[in-house]
1. Criterion first (surrounded by fewer than 23 Cβ atoms within 10 Å (Cβ to Cβ) and under 21 Å from G55 (Cα atoms)) does V103 satisfy it?
2. Can you name the residue in the stretch 144-158 that is touching a residue at least 40 places away in the same chain (Cβ under 8 Å) and farther than 16 Å from E110 by Cα and, of all such residues, is surrounded by the fewest Cβ atoms within 10 Å (Cβ to Cβ)?
3. For residues that are touching a Ser or Thr at 6+ places or on another chain (Cβ under 9 Å), closer than 30 Å to V189 by Cβ and of a type outside the set (A, V, I, L, M), tally how many sit in the stretch 74-118.
4. For the stretch 216-233, which positions are aliphatic (A, V, I, L, M), under 13 Å from A2 (Cβ atoms) and surrounded by fewer than 16 Cβ atoms within 10 Å (Cβ to Cβ)?
5. Filter the stretch 170-225 down to the residues that are among the aliphatic types (A, V, I, L, M) and out of contact with any strand residue (DSSP E or B) (no Cβ under 9 Å at 6 or more places or on another chain) and list them by number.
6. Scan the stretch 172-203 residue by residue and report those that are surrounded by fewer than 21 Cβ atoms within 10 Å (Cβ to Cβ), in contact with a helix residue (DSSP H, G or I) (Cβ under 9 Å, 6 or more places away or on another chain) and under 20 Å from S157 (Cα atoms).
7. I'm trying to understand the selection: among the residues of the stretch 159-190, which are hydrophobic (A, V, I, L, M, F, W, C), touching a residue at least 60 places away in the same chain (Cβ under 8 Å) and within 18 Å of A209 (Cα to Cα)?
8. For the stretch 173-226, give me the residue count where each residue is in contact with a Lys or Arg (Cβ under 9 Å, 6 or more places away or on another chain) and closer than 30 Å to S150 by Cα.
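None of the figures in this text is laboratory data; all of them are computed from the coordinates on show. Just so it is clear, the structure is predicted and the values come from calculations on it, not from any experiment. Heads up, the Cβs are rebuilt from the backbone with ideal geometry, glycines too, and the neighbour counts pull from every protein chain shown.
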Amino acid sequence: MARLWVLQNTQPEDLGLAGQVFQSYGLEPAYVRTFAGEEVPRYMGDAAGLVVLGGPMGVYEHNRYPFLEAAMRLIDQALKEEKPVLGVCLGSQLLAAVLGASVTHGPQKEIGWHPVELNAAASDDLLMADMERSFVGYHWHGDIFEVPQSATALASSAQTACQAFVHGLSAYGILFHMEITERIIADMVQAFAAEIREENLDGEQIKAATAQHLHALQANGRIFFQNWATLCL
């Protein structure tokens with residue numbers, strides 16, 4: 001099986017649905033658990049692609065989280081080698097920063113279930129063309145990014161102008177979460193309970209809305225992850 005480097009930055013946030021899809025395409029995730037102190041690889045080596053998952057860190061917090069610089073170097077190397085890159089949440093922010101875009105605090109955090117709109121460019125995108133144009137996405141971020149000059153915006157939400165972008169043919173940044181499962185949602189609500197309280201949100205309501213929205217989100221996610229997997233073959 002072809003190997004994928006996967007940088008996992010919190011305990012709850014693994015590949016979820018994406019991992020199931022990737023393995024069905026013969027791609028074997030090689031997790032690097034940065035949250036546990038595992039060292040980010042210096043080189044892509046024979047890995048077919050790179051996935052950088054989410055986390056509460058800010059791209060600009062290099063002093064507090066030294067692995068961020070190493071993650072950005074690995075993203076840069078993957079881009080130079082023209083290997084597929086997928087950045088989710090924090091990963092999308094790191095990809096945007098590597099491409100020269102500004103990453104800053106948003107006006108307020110976007111947490112829970114909120115609508116996502118794919119734009120006209122997504123209709124022509126190799127990975128997103130067959131996805132539903134409008135759906136409810138799962139969000140957990142406080143930072144936002146400009147669209148990198150070399151990239152094309154693909155999606156937005158009412159609160160966030162850019163929810164997804166593509167650079168070249170195989171580097172995708174997705175700010176919202178399509179990889180989630182019921183388990184990941186429950187684990188995030190538990191792990192980040194203090195943040196939920198600070199934002200005056202209700203974790204039980206977030207979990208309750210899962211039954212209404214998860215199936216449609218995963219249907220879109222499955223299309224996206226299948227198409228991204230083919231880029232690695």
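1. yes
2. Per the criteria, the residue is Q149.
3. 6
4. The one that is aliphatic (A, V, I, L, M), under 13 Å from A2 (Cβ atoms) and surrounded by fewer than 16 Cβ atoms within 10 Å (Cβ to Cβ): L233.
5. Across the stretch 170-225, the qualifying residues are A186, V189, A191, A193, A194, A208, A211, I223.
6. L201, the sole residue that qualifies.
7. Within the stretch 159-190, F176, M178, I180, I184, M188 qualify.
8. 1
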